[in-house]
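A.B. asks: There's a structure below that I have some questions on.
The values are calculated or read from the model by the stated rules, or taken from the named source; none is laboratory data. Treat the numbers as computed from the prediction; the structure is a model and nothing was measured. Cβ: placed from backbone, ideal geometry, glycine included. Neighbour counts: every protein chain shown. When the accessible area is computed, the model is the full protein with side chains, heavy atoms only, and any ligands, DNA or RNA have been set aside. Shrake-Rupley method; radii C 1.70, N 1.55, O 1.52, S 1.80 Å.
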Amino acid sequence: MKSIILFLALISSNISFAQSGWVPTNPQPTGNILTDGVMVNPNTIYAVGKHGGPFVKTTNGGVSWTAKDILPIKDSTRYNAISLCASDENNICILYSYEFIFVENIRYFVMRSTNAGQTWDSVFIAERPREDLGRMRFVNQTTGYCFSYEYHGYGVFKTTNGGANWQEYKVNSTNDTLQSLFFVNANTGWMGGYGNNNYYRTTNGGTSWATYITSNFDFFYKPFFINENTGWYCGGSYLAKTTNGGINFLNTGTIPGVVDDFGFADENTGWCISSSNIYSTSNSGVSWQMSYSRDSTNSNISSIRFLNSTTGVAAGWFGGIFKTTNKGLNWSELSRTQNKHAYISDVQFINQLTGWAAMYPDLMKTTDGGNNWNKIYTDSIYRLKFYNENIGMAMGVNSFSSTTNGGQSWAITNYEGYFFTSAFLYSPNTWYVIGVNAGDYRGVIVKTTNAGVTWNTLAQPPGNTFLVSAFFVTENTGYFSTGSSIFKTTNGGTNWFATGDGNTQSIYFYNETTGWAMDREDIYKTTNSGLTFQRQFTKGFYSYYSMKFVNAQTGWCVGFGLNSGVILKTTNGGTNWSDNLSFYTGPLYAISFINDNTGWIVGSGETIIKTTTGGTIGVQQISTTVPDKFYLEQNYPNPFNPNTVISFQLSVAGFVKLKVFDLLGREVGNLLNENLSSGKYKYDFNATLLPSGIYFYKLETENFSETRKMVLVK
């Protein structure tokens, strides 16, 4: 029921970009799976993606990008952008699907902007079975179509007013094997058939359709035309061409593999996507050559759109946007990653500028806060740990390495057959490293007290089968988490005793008495030096990989859940946890914070995201003194342009919402949506993307609600 209410609220709203406390630094401008992109002119490119991903935009040919969220933060992973159209820089339409959990039907709607993406209106189209509507295309500024890859007895949706309204047209109510639609202008279009030697043509904008029969081919399920006479049908891996509007077709050749999508820029120049590779033809499809090859670290290609016969863009996974200026023969990257790694498994920063990341098989270093990375070492690196700028370790398969001069040289310690999973550097000289045997999955713990000059193998915890994480609170007192238990030592690893149960993935202590542990689904806490661990938090469908606390109250936990990366944050020592990520990522594996506000998180698709606000969207606690009542202050300055401060106070800790509405009551800003402790707060609100006017901001808790007016003057 909550999902339905949320969707109904969405389709009636005018929505501005949501604000986020986390910013992607790699890949840029987004790490989302992009499903479609369009080049409006040589300088302006738009792209969109899955899982409620941002609207990506450049106005200087890809030199710089912006990525703005246009959908509500809540349940964003169930929103998928299917198709993008832009008749000019201002008029943009995006076809979205919204999936209900445990319900087969999907709601389809169009997000529409008439001011280059500054604000958006949502227009409901239909509710259909899964994977019904698959594409949207406009033939001019006013006329467009939404249609299906696989026809389920429904029709084609058409707009004649730029997407503001849509009407359904039936194609053939007795045939359920129609596939994919293509219009070359406002009147003339084709739809393919599957396995019945039929295809269909309209010359009156979809009002009626004529059936054509061919005895040569029976898989006409992807049409593409460059004018009313010249076009192609793709079926599986073969291609057929017509020069008389579809009256006759001739087989022109075979396309490599099974084609996901194809198209032509002119009568001779074309492209196709097969197995996420790009192929091009210069002889009308008679022969093909590979022009972009996907490998394990590159982006899968989702779509290709040409501006003219020479220039086009492709969109793909991990925020991949590619451009060609020679008819698709070659492609250059306009976005994506600085390097070519499938994922980042670990990260650590020691100050605002200096940090390291394990990008298998390389160890990368940054000295500018993560904007640029350079390889400093390679040896199957999965994990890392640094004590300061000079002393650190890199761990991988069959060995681990240490440096005492910032990575200029490395000492390698070989342990054939072992995979090293964690290290803890307690002091400049005392280090612990743990790993697991790849054959029998038994763990190993090694220790040095002379900065890696010599290493000693320690006794194993009793019954141990798999060591995962380590944390020491003193030089001799520490904890090791295994595949089934938590063990503690008070004599530097000579002896061990069990302190907790569970498939623990990570363990972290703030001081000698207070610590946390997590397994795949649960978070636990101890306040008695690990004697007992009590479950604090659990959430179905979530898997956790790493945690970090900066003080006894504030911490983060990262992982994966519900088709997207997960960041959970607590500000009350783990009593409550709230989602701290408002956009899609792949699985997130590691986290590093240098203070309450500044941190980095890494994960799959070479994802690196950064926050300078502790992940919180613009809110700062300015006093921990408990006030005697709830209160929402008047924003200052008011009127404002474009920044203003919204202050409020909470007499009781709890879940807090802070939202902005326009004069019509439409939500234009979701500023705050999380648990906060009691105290006084301020929110720095930036209204750059909003037009001048009167707005209302509302503070809401479980037992309090108040609204005030503010005026934006530009």
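A.B. asks: From (1) within 23 Å of LEU588 (Cβ to Cβ); (2) free of Cβ contacts under 8 Å to residues at least 24 places away in the same chain; (3) of a type in the set (Val, Ile, Thr), pick out the condition that doesn't hold for THR378.
C.D. replies: Checking THR378 against (1) within 23 Å of LEU588 (Cβ to Cβ); (2) free of Cβ contacts under 8 Å to residues at least 24 places away in the same chain; (3) of a type in the set (Val, Ile, Thr), the one that fails is (1).
A.B. asks: List the pairs whose first member sits in region 697-708 and is more than 13 Å from TYR631 (Cβ to Cβ) and at pLDDT 95 or above, whose second member is assigned to a loop (DSSP other than H, G, I, E, B) and open to solvent by less than 70 Å² (accessible area, probe 1.4 Å), and whose Cβ atoms are under 8 Å apart, counting only residues at least 6 apart or on separate chains?
C.D. replies: TYR697/ASN635
A.B. asks: Which of the residues belonging to region 416-435 are over 18 Å from GLU475 (Cα atoms), open to solvent by less than 10 Å² (accessible area, probe 1.4 Å) and not aromatic (Phe, Trp, Tyr)?
C.D. replies: Result: GLY435, single match.
A.B. asks: Criterion first (touching a residue at least 12 places away in the same chain (Cβ under 8 Å), in contact with a strand residue (DSSP E or B) (Cβ under 9 Å, 6 or more places away or on another chain), open to solvent by less than 80 Å² (accessible area, probe 1.4 Å) and under 30 Å from TRP577 (Cβ atoms)) does THR624 satisfy it?
C.D. replies: Considered against the rule, which asks whether it is touching a residue at least 12 places away in the same chain (Cβ under 8 Å), in contact with a strand residue (DSSP E or B) (Cβ under 9 Å, 6 or more places away or on another chain), open to solvent by less than 80 Å² (accessible area, probe 1.4 Å) and under 30 Å from TRP577 (Cβ atoms), THR624 comes out as no.
A.B. asks: Looking at TYR636, TYR683, TYR697, which one is aromatic (Phe, Trp, Tyr), over 23 Å from THR570 (Cα atoms), surrounded by 19 or more Cβ atoms within 10 Å (Cβ to Cβ) and touching a strand residue (DSSP E or B) at 6+ places or on another chain (Cβ under 7 Å)? Outline the logic, then answer.
C.D. replies: Numbers: TYR636 fails: surrounded by 19 or more Cβ atoms within 10 Å (Cβ to Cβ); TYR683 fails: over 23 Å from THR570 (Cα atoms).
Sole residue among the options that is aromatic (Phe, Trp, Tyr), over 23 Å from THR570 (Cα atoms), surrounded by 19 or more Cβ atoms within 10 Å (Cβ to Cβ) and touching a strand residue (DSSP E or B) at 6+ places or on another chain (Cβ under 7 Å): TYR697.
A.B. asks: Before we move on, is GLY257 open to solvent by 40 Å² or more (accessible area, probe 1.4 Å) and modelled with pLDDT under 90?
C.D. replies: When the stated conditions are applied, GLY257 passes them.
A.B. asks: Right, something else. Can you say whether GLY573 is crowded, with 19+ Cβ neighbours inside 10 Å, under 21 Å from the mean Cα position of the chain (by Cα) and not hydrophobic (A, V, I, L, M, F, W, C), as far as the supplied structure shows?
C.D. replies: The answer is no for GLY573.
A.B. asks: From the set of residues in region 117-164 that are at pLDDT 80 or above and of a type in the set (Gly, Ala, Ser), which is surrounded by the most Cβ atoms within 10 Å (Cβ to Cβ)?
C.D. replies: Residue satisfying both the conditions and the ranking: GLY163.
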